[in-house]
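> Pasting a structure below so you can have a look.
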Amino acid sequence: MFAYVAAGSSTVKRELGDDGVEKLTSLARLHGDGWGWAGVSQTGAAPTTVKSPKSALKDPQFNEMLSQPSHAAMIHLRWATMGLPVEICNAHPFSTGELSFEHNGSLKPIAKVREMLSAESRAKMTGVTDSEMYFMLIQEEIGHGLTLPEAVIKAVRRLRSAFPLSSLNAILLDSQQLVVVHASARSTLPEADVEEFKELGGLPDEHNEDYFALRMKRTIDDTILISSTGVDGSGWENLPPESVTTIDLDSRSMHTDFL
């Protein structure tokens, strides 16, 4: 996952540079089950979402979206949970039109997440993933009158209680804010996934060693960057563990709540 909130308008390619884009794209050798991009042209505008079930390595539109100007944007490379189909409805980010969401993690057993949803939420789903169910839980809390950060915190706490070892890392974008969930302090990759890393080879070292870390950086022009590992560079600092950080799109002020 990668996201930015710019002082004006920017692109993923500008913020990562050629080396960063190369490293991001190389991750599609593992995260090759689809990709997605969501961006806000200016504060107050609803996010636009573009996604595909194709590997970023094989889809020319992926490179086009890396150069798409936006005030704020986020991008996701999917590594599908075993058994879940590679289809556009299961690609991230998921979107309601007013809110976009992407997740890095796996919630198992998936039936346990489904049971947490209302019948109405289950009926609204377009795909079959645990990640979309996570998104639906957040929407349910918004429907109860909570603000986006409040809804995220409440949903994450519910999921953490039910799935104590799962990664709940996520990024959400609406017309006013970018919300980053760094909740993976006790999460580890299954041995089968580690073996897949080894078979592919050549992935960035820190992506192997600290797969679930989320980091941030504020650039010289006051753009805020958020990234999972695998996109190396200087000046990054880890986001606090088990936290929800809200970034205002207009002022780029940041507020962190702990779970």
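The values are calculated or read from the model by the stated rules, or taken from the named source; none is laboratory data. Here the structure is a predicted model, which is why all the values come from computation and not from measurement. All Cβ positions, glycine included, derive from the backbone under ideal geometry; neighbour counts span all protein chains shown. Accessible surface is based on the protein model in full, side chains and every heavy atom, while ligands, DNA and RNA are left aside. Shrake-Rupley method; radii C 1.70, N 1.55, O 1.52, S 1.80 Å.
> With a 1.4 Å probe and all protein chains left in place, how much of the accessible area of the stretch 59-159 comes from carbon and sulfur atoms, in whole percent?
54
> Could you tally the net charge around residue 7, taking each other residue with its Cβ under 11 Å from the Cβ of residue 7, Lys/Arg +1 and Asp/Glu -1?
-1
> Would you give the gap between the C-alpha center of the stretch 98-176 and the C-alpha center of the stretch 1-57, rounded to a whole Å?
The distance from the Cα centre of the stretch 98-176 to that of the stretch 1-57 comes to 22 Å.
> Average projected area of the Cα convex hull of the stretch 56-185, in nm²? Numbers along the way, then the final one.
Numbers: hull surface 33.7 nm².
Computed as one quarter of the Cα hull surface, the answer is 8.4 nm².
> Same structure, new question: Compute the whole-percent fraction of alpha carbon pairs in the stretch 3-60 spaced more than 16 Å apart.
In whole percent, the long-distance tail amounts to 53.
> Also, I was wondering about something else. Between (1) 14.8; (2) 12.3; (3) 13.4, which matches mean projected area of the Cα convex hull in nm² calculated for the structure shown?
So the calculated entry is the one marked (2).
> Before rounding to the nearest 500, sum -39500 (n - 2.57) across all DSSP H runs of length at least 4 in the chain and divide by the residue total; then give [θ] at 222 nm in deg cm²/dmol.
-9000 deg cm²/dmol
> With a cut-off of 8 Å between alpha carbons and a minimum separation of six or more residues, what is the relative contact order of the chain in percent?
It comes to 21 percent, rounded to a whole number.
> Further question: Taking amide hydrogens as modeled 1.01 Å from N in the peptide plane, which residues meet the under 5 Å criterion relative to residue 229, leaving out close sequence neighbours?
Amide H neighbours of residue 229: 213.
> Using only the Cα atoms of the stretch 120-183, what semi-axes does the equivalent ellipsoid have when each is the square root of 5 times a gyration tensor eigenvalue? Give whole Å, largest first.
16, 16, 12
> Right, next: All other residues with a Cβ under 9 Å from the Cβ of residue 176 taken together, and with Lys, Arg as +1 and Asp, Glu as -1, what is their net charge? Mind dumping the intermediate values first?
Working: positive: none; negative: 174, 248, 250.
Here the charged neighbours net out to -3.
> List the extent of the Cα atoms of the stretch 1-104 along each of their three principal axes, largest first, rounded to whole Å.
That works out to 40, 33, 21 Å along the principal axes.
> Let me ask something additional. Using the scaling law 2.2 N^0.38 Å as the reference, what is the normalised Cα Rg of the stretch 47-86?
Normalised Rg, Cα atoms only: 1.32.
> Which pairs in the list 51/217; 54/154; 23/51; 124/217; 13/124; 58/154 are over 29 Å apart, alpha-carbon to alpha-carbon?
Going by Cα-Cα distance, 54/154; 124/217; 13/124; 58/154 fall outside the 29 Å limit.
> Provide the net charge surrounding residue 61, with neighbours chosen by a C-beta distance below 12 Å and charges set as Lys +1, Arg +1, Asp -1, Glu -1. All intermediate terms of the calculation are to be shown ahead of the outcome.
Details: positive: 51, 54, 58; negative: 59, 64.
That works out to +1.
> Please report, in whole Å, how far the alpha carbons of the stretch 94-156 spread along each principal axis, starting with the longest.
29, 25, 21
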